[in-house]
There are 2 protein chains.
Amino acid sequence: MPMGFIKLKQWMCRSLLLALSLTGSVSAETLLVQKQTLEIAPFTTFNGETIAQVRVGYETYGNLNADKSNAILITHYFSGSSHAAGKYRADDAQAGYWDAIIGPGKAIDTNRFFVVSVDTLVNLAVHDPNVITTGPASIDPKTNKPYGMTFPVISVGDFVQTQKALLDRFGINKLHAVVGASGGAIQALQWAATHPGFAERTVAVIGPGFKLDAHSIAELDTWLQPIVLDPNWRQGDYYAHSLPNFGLAHALRNVTIAALSSDWLDKQYGRQWHDPHQSPAQAFQHAFKISSELLKRGFDRAAVVDANHFLYTARAYQLFDVSDRVPAMKGRFLFIPAKTDRIFPPAMSHQAAEILRKNGVQAEVVEIDGGMGHLDGVFRIQLAGQAIKDFLQ
Amino acid sequence: MPMGFIKLKQWMCRSLLLALSLTGSVSAETLLVQKQTLEIAPFTTFNGETIAQVRVGYETYGNLNADKSNAILITHYFSGSSHAAGKYRADDAQAGYWDAIIGPGKAIDTNRFFVVSVDTLVNLAVHDPNVITTGPASIDPKTNKPYGMTFPVISVGDFVQTQKALLDRFGINKLHAVVGASGGAIQALQWAATHPGFAERTVAVIGPGFKLDAHSIAELDTWLQPIVLDPNWRQGDYYAHSLPNFGLAHALRNVTIAALSSDWLDKQYGRQWHDPHQSPAQAFQHAFKISSELLKRGFDRAAVVDANHFLYTARAYQLFDVSDRVPAMKGRFLFIPAKTDRIFPPAMSHQAAEILRKNGVQAEVVEIDGGMGHLDGVFRIQLAGQAIKDFLQ
């Protein structure tokens, strides 16, 4: 990591930062980016329900060319946001989650491509100032109170609808590629199902293939279980009361456990105790370190997350099934599973690619092994950088 | 399965039933078995706490020979009991969980071996009339009320202590083998650690190797999480109040999900809805079939399970770590992992066997693939029948 940055100039809302390290040599280029807002009013859901108005945030990196043929859509994962690359301020502690592969000269080269990334509807992190979304925590104009569980069920098809609406406003009528990890891979394949050929290339990183199977549906139930068990959840009607953040913290902890490989967790935590003076052999209340630390992170994270949004996002993915749309799919496909992924093991990607090839569609699989499990698709994505770069030629 | 049974004769407490099928031919032999009780008073735990009296149930199959050299100990899994083989009554719907490999002429041949199986302390199913155990739901003689969370933490070493006490009463001072699945494999390896060479052979079916790693500790946390989140749990002090069975049912459901392979769950449930008229796309409350059915089974099961016993059993296994005792281990070892096991994947067994071999101890691995995941070690154990039979020669 460079030791510091000198901001030189900001063009438009998403210009380049040429960063000089403290040694004075050019060591990195960091995009400076800004969140923008898309509003759709009214919005009709995939299931035919009407919402008076929805707003979602988005970011763009690079410039749209004259014939609008250089757009790449990035779709984000379950607990992610549209902040895929760059920084809002030069001194941000962290860049967007895929900054390793999105930027000038990188695998998804913003000198060449116009990259668009959109917050999902019912995004978990509704209280994060850098996330703009609409969901159960939003105010229902009919009641001037949060929708709660009266908000209509949202599907991945609705995520795609908002993305399509944004591309329409830019006048983009084809995508060079759609690229996403995990839930983002699901959205990418939903694009291939709903708008066959609109994206010339589809890159599905750490995805489940063309549907969520029974176990994945149940795994999402396991994740959300502590929320609905929290008495503060009150069937979703908690906005005027104490928040179900105890359950929510456990739910967020469940996601982290599932997303990390056994090896990674064992190296990080092993069998250490939370308090070296309090043996878990002496009292049930004495915790192992892995138990206390991941729960603490869950509580920290819960501060910007809405519990009902978690439930709605989980349901959106549970509903994913485009397996009957495969015969209509067009373009080229690249699947990038992670070797030690327990959520969506590599076999799912291999099976999906095989199904496409049987349908006469070009599909390849590149496995990565960064040792982190599912999260290889986020934090070790540079391992697939060259494969993605080649695929986008 | 035979269509019916005719009971011919019952010898002692554990004699043979020669069953005639409706066709009249001899199609199966079923052991008739009876639960017996071991009492230890006082009992000092592995961690030095004293319990005035503990009682555990046990079953035996076959006969102890004159020189007491033909005993095999069977150790049971997390949610199991000592009912490993045979039936209590000829018309029982189900035989013991390993009836496929324990009985006259079977892999663990009760014509040759004296087989002993013992209920664990803090056994989950304390309200099952066929389980005898001592734990938080037991009456503390000091207060005449259930111990609740004042019951001392129990470890796998304590399970082994009760088993050793029982063998002592029989005058058995060596075991032909100790054989267990999952938590039973953990107990078997605890035997190898605490009493090296006492068992000449150790068979660890679907086990974790010599310790629970960080992820397995966290997985047990995930299982028990709904109990501690249930407001009826009241920090374990619920015996005079409503029971935390809502949380407990979810906990039992979590175990089932983890123990079954993705393929098996998908074949069984797929993406079916609980109610064919209520699409999960229309309301969050509309469930998938896998969600409702496995939870219903959890509620059914919860009727005989105590929530605190679940917590104590989970902690006992979380504490398991005999990795530093491997150099002392003696005898021969057989590991039988299941190919699609997500709880303790086969790599754990292969690694454990390799460590033993490096220590000059004979160890082999036989993988089974019954398609059920972890539960292959229970419901598909006949796939390992020949391997176990050969190993016991």
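Read-outs: derived from the displayed coordinates by stated rules, not from any lab. What you see is a predicted model; the values in this text were computed from it and never measured. Virtual Cβ from ideal backbone geometry, glycine too; neighbours counted across all protein chains shown.
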The FRET efficiency for B:SER323 and A:GLN278, from their Cβ-Cβ distance with R0 = 35 Å and rounded to 0.05, is 0.95
Ranking of B:PHE113, B:PHE299 by count of other Cβ atoms within 10 Å, fewest first | B:PHE299, B:PHE113
Sort A:371-380, A:119-128 for me by packing, meaning the mean count of neighbouring Cβ atoms within 10 Å per residue, highest on top.
-> A:119-128, A:371-380
Would you mind giving the mean number of other chain beta-carbons within 10 Å of the Cβ of each residue in A:261-270, as a whole number?
-> 4
By the gyration tensor of its Cα atoms, with a ≥ b ≥ c the square roots of the eigenvalues, what is the shape of segment A:283-393: rounded for a/c under 1.5, prolate for a/b over b/c, or oblate?
-> prolate
Summing -39500 (n - 2.57) over every DSSP H run of at least 4 residues in chain B and dividing by its residue count gives a helix-only mean residue ellipticity at 222 nm, to the nearest 500 deg cm²/dmol, of -9000 deg cm²/dmol
Post the alpha-carbon centroid distance, segment A:63-122 to segment A:313-352, in whole angstrom.
-> 22
Go ahead and set up a Gaussian network model of chain B, Cα springs under 10 Å, then flag whichever of B:LYS339, B:LYS35, B:LYS106 fluctuates most.
-> B:LYS106
Based on other C-beta atoms within 10 Å, arrange A:PHE43, B:PHE333 from fewest to most.
-> A:PHE43, B:PHE333
So what J values fall out for segment A:41-47 if you push phi through Karplus, 6.51 cos²θ - 1.76 cosθ + 1.60 with θ = phi - 60°, rounded to Hz, Gly and Pro as x?
-> 9, x, 10, 9, 6, 3, 9
Rounded to the nearest 5, the percent of DSSP beta bridges in chain B running antiparallel is 45
Once the dipole of the protein assembly as shown is set up from charges on Cβ (+1 Lys and Arg, -1 Asp and Glu), the residue from the list A:ALA95, A:VAL56, B:GLN382 lying farthest towards its positive end is B:GLN382
Under 5 Å from the placed amide H of A:TYR88, counting only residues 5+ away or on other chains, we find A:VAL33
When you look at the Cβ of every residue in B:223-230, what mean number of other chain Cβ atoms sits within 10 Å?
-> 5
Under 5 Å between amide H atoms, partner at least 5 residues away or on a different chain: which partners does A:LYS330 have, H built in plane at 1.01 Å?
-> A:GLY197
Dipole magnitude of chain B about its Cα centre, charges +1 at Lys/Arg Cβ and -1 at Asp/Glu Cβ only, in debye to the nearest 20?
-> 580
For the protein assembly as shown, alpha-carbon Rg over 2.2 N^0.38 Å | 1.05
Among the listed pairs B:LYS330/B:LYS389; A:LYS289/B:LYS211; A:LYS289/B:LYS330; B:LYS87/B:LYS211; A:LYS87/A:LYS174, those beyond 22 Å (Cα-Cα) = A:LYS289/B:LYS330; B:LYS87/B:LYS211; A:LYS87/A:LYS174
Would you look at the GNM of chain B, springs on alpha carbons closer than 10 Å, and say which of B:ALA188, B:ALA107, B:ALA218 moves the most?
-> B:ALA218
Which of A:SER279, A:GLY247, A:ALA303 sits farthest toward the positive end of the charge dipole of segment A:217-314, with +1 on the Cβ of Lys and Arg and -1 on the Cβ of Asp and Glu?
-> A:SER279
Any idea what the relative contact order of chain B is, in percent, if you count C-alpha pairs under 8 Å spaced at least 6 apart?
-> 16
How many partner chain Cβ atoms sit within 10 Å of a residue's Cβ in peptide B:41-48, on average, as a whole number?
-> 1
If you put +1 on each Lys and Arg Cβ and -1 on each Asp and Glu Cβ, how big is the dipole of segment A:217-314 around its Cα centre, in Debye rounded to 20?
-> 220
Positive-end residue, the protein assembly as shown charge dipole about Cα centroid, Cβ charges, pick of A:LEU121, A:PHE288, A:THR110 | A:THR110
Segment A:289-371: relative contact order as a whole-number percent, Cα under 8 Å and 6+ apart | 28
Cα pair distances exceeding 18 angstrom across segment B:235-350, given as percent = 68
Inter-copy distances for B:TYR239, nm, shortest first, label points 7 Å along Cα→Cβ, are 4.6
By the Cα gyration tensor axes a ≥ b ≥ c (a/c under 1.5 gives rounded; else a/b larger than b/c gives prolate, otherwise oblate), the shape of chain B is rounded
Starting with the fewest neighbours, write out B:LEU265, A:LEU38 ranked by other beta-carbon atoms found within 10 Å of each beta-carbon.
-> A:LEU38, B:LEU265
Round to the nearest 0.05 the FRET efficiency obtained for B:ASN111 and B:GLN36 when R0 = 35 Å and r is the Cβ-Cβ distance.
-> 0.95
Please work out how much length the chain gains when fully extended from A:GLN285 to A:ASP168, using 0.36 nm per residue of separation minus the C-alpha to C-alpha distance, in nm with one decimal.
-> 36.6 nm
Here the correct list, in nm and shortest first, of distances from B:GLU354 to the same site in the other copies, label points 7 Å along Cα→Cβ, is 2.7
